[in-house]
Every structure is written in C-alpha cells, then in structure tokens.
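Below: the structure, in structure tokens.
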Amino acid sequence: MSTDQQTGHATEAGAPFDGRAAIEALMVAPGPPALGSAYQAMTEELRGFLDVLAGAAIDTEHAARLRAQLAQMTSRLRGLEVGEPQRLWGHWTDRPGRGQALIPSYDVPKGSLEASATVTFGRFHVGENMAVHGGAISMLFDDLLGWLLARSDLPPSRTAFLTTNFRAVTPVGVELTVHARITHVEGRKRFLAAELRHGDTVCADAEGLWVELRPGQP
Ligand SMILES: CCCCCCCCCCCC(=O)SCCNC(=O)CCNC(=O)[C@H](O)C(C)(C)COP(=O)(O)OP(=O)(O)OC[C@H]1O[C@@H](n2cnc3c(N)ncnc32)[C@H](O)[C@@H]1OP(=O)(O)O
C-alpha cells in the first residue's frame, strides 16, 4: 500500500486512484461527534465572517490588521494539512452543510429520490445589486443534486452536465426553498432536476446528468 502524492489517498502500489471507493468511504463521519459539533460551529462562524466582510466598508488600518490576523491563522493551520481523504472540510456527511462554507448549509434526507430544503444566501454570495451570483446558484444546484444522489441508494456518480436557467433575481438574506429530484435513470446515467424558489417566485431551475462511476474509475 502506498499514498497517492497528489490526493493523499491510500492505493495499492501502482494502482490508480478509485473515485467510487473514495466517495463510498466518505459516508461515515470523519471524527467523533464532539469534533463534528465544534467543526460545524466553526464553519458557521466562517460563513458569518465572510458575509459580514463582504458587506463591510473598512479602512486601510482595519484591512491591514485583518490581513495580519488571517496570516497568523493560516500559518498555524499549515502544519496540520493532510491528504484529501483525511481532511475534515465537507466530510461531515452526517451533518447539514457537511462542514464547509463554499455554499450555504442545507439538509436533505437519506434514501430519497426527491427532496425539498431551505437555504439562505448571505452577502458573500452577492453578484451585484443584491442578487445572488449566478455561479453560486449553479454551485448550489450541483452540490444539492450530487448530494441527493450520494444520499440515495444508487452507486457514486459524477456531474457530466448541468444547465441552469436564471428566471428571476435571487434575493440575499431571505429563506429560499430548493426542490431536487432524480427524474429518471438509464443504465449508468442519472437525470436530475432542481428548482429554487422565493415564495411563489421561481428564481432559478436546473437540469443535469450524472454518470455512475465504474469501479476503479478516477
Ligand atoms: C462528501 C460526499 C461526497 C458527495 C458530495 C456531493 C456534492 C458535491 C457535488 C459536486 C459534484 C462535482 O462537482 S463533480 C466535478 C465536476 N464533474 C467532473 O469533473 C466530471 C468530469 N467528467 C468525467 O469524469 C466523465 O466525463 C464522466 C464520469 C462524467 C463520464 O465519463 P465515462 O464514465 O467515461 O462515461 P461515458 O462512457 O463518456 O458516458 C456514459 C454515458 O453518458 C453520456 N454522457 C457523458 N457525458 C455527457 C455529457 N456531458 N452530455 C451528455 N451525455 C453525456 C455518454 O454519451 C454515455 O451515454 P450512452 O452512450 O451510455 O447513452
């Protein structure tokens, strides 16, 4: 057994990285519940920080002080870097948000072909004019549909395409509803669709294809 230098995944000597096995391995929490709670609270705090920072007008001195504080935190974390499978970020698969701050937290139940959830974008995700950035909306759809699939009983798959339609401005700082569903399955292909609403207004919708990974496929 050796370690893939790029990804940190344990591999048989000379064996290629197995993406399907890697995703299957992530379906258990990467640490004890107390660490999960602390990590989840930390990522919520980070989300709050990014939202406040993105909405704040600070002066030169404040920006320099923040940079120094961030640099200090970065250097403390440097020595703790690990490979992809050992990292904690996004791997708390037993918790809403999974312990990441790339997209707002949401939750979908296990074993469903269809799910609704609530989600709120903060100012970190504003494009302009207090509308949520289109890329952030597409990212939410990719994550939500990928996570719905990961939580279903179907084998691991990966996004092949995702088409997003922006139907109306998506507001920031208010609760939105997302609905996601697996529409049909054809062999290794899973077709999915999602919709993001603010009240009765459809803000965006998406459809996409996920392809099941073959055993051993990276
Ligand atoms: C923490 C927990 C983790 C879970 C966390 C979950 C949330 C995270 C979600 C993030 C998800 C991502 O961002 S994933 C990262 C973004 N995506 C990628 O990087 C994917 C890169 N592409 C690939 O790896 C590959 O192209 C695949 C796996 C998608 C497909 O390759 P393949 O396996 O060789 O399959 P292939 O034979 O080409 O195609 C199989 C069938 O699908 C069709 N097909 C393939 N691609 C397309 C396409 N773009 N448009 C139309 N059709 C397509 C083919 O025509 C064929 O149909 P037929 O002839 O059989 O009819």
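The values are calculated or read from the model by the stated rules, or taken from the named source; none is laboratory data. Remember, predicted model here, so these are calculated numbers, not experimental data. Neighbour counts are summed over all protein chains in view; Cβ atoms, including those assigned to glycine, are modelled from backbone coordinates with ideal geometry. With ligands, DNA and RNA removed, areas are computed over all heavy atoms of the protein, side chains included. Shrake-Rupley method; radii C 1.70, N 1.55, O 1.52, S 1.80 Å.
Rounded to the nearest 0.05, what FRET efficiency do Val202 and Ser112 give with R0 = 22 Å and r taken as the Cβ-Cβ distance? Could you check?
Plugging the Cβ-Cβ distance into 1/(1 + (r/R0)^6) gives 0.55.
What FRET efficiency comes out for Ala34 versus Ala64 if R0 is 41 angstrom and r is the Cβ-Cβ distance? Round to the nearest 0.05.
Values: r = 36 Å, r/R0 = 0.88.
For Ala34 and Ala64, the calculated efficiency is 0.70.
Please name which of Thr43, Thr163, Ala180 has its Cα lying farthest along the dipole of the chain towards the positive end, using unit charges on Cβ (Lys, Arg +1; Asp, Glu -1) and the Cα centre as origin.
Positive-end residue among those listed: Thr43.
Just the Cα atoms of the chain: what Rg and Dmax do they give in Å?
Reported Rg and Dmax, both Å: 19.1, 59.
With the other protein chains left in place, how much accessible area per residue, in square angstrom, belongs to the stretch 2-212 at a 1.4 angstrom probe?
Numbers: 11860 Å² over 211 residues.
Solvent-accessible surface per residue comes out at 56 Å².
Helix by helix, which DSSP H runs in the chain go 18 Å or more along their axis at the Cα atoms and have an average Kyte-Doolittle hydropathy of -0.5 or more?
Flagged H segments are 33-55, 134-151.
Extension gain His184-Leu80, at 0.36 nm per residue separation less the Cα-Cα distance, in nm? Please list the in-between numbers first.
Working: separation 104, 0.36 × 104 = 37.44 nm, distance 4.26 nm.
Going from the current span to full extension adds 33.2 nm.
Within the chain, what whole-number % of the accessible surface is contributed by carbon and sulfur, with the 1.4 Å probe and all protein chains included in the calculation? Could the numbers behind the result be given before it?
Numbers: 6870 of 12430 Å².
It is 55 percent, rounded to a whole number.
In the stretch 113-143, whose amide N lies under 17 Å from the spot 7 Å out along Cα-to-Cβ of Glu175? List them in ranges.
The answer is 116-122, whose backbone nitrogens lie closer than 17 Å to the label point.
Taking the highest mean first, how do the peptides 204-214, 46-56 order by number of other beta carbon atoms within 10 angstrom per residue?
On the way: 204-214: 18.8, 46-56: 14.3.
Descending packing order for the listed peptides: 204-214, 46-56.
Can you send over the solvent-accessible area of Tyr39, 1.4 Å probe, protein chains only, in Å² to the nearest 10?
About 40 Å², ignoring ligands and nucleic acids.
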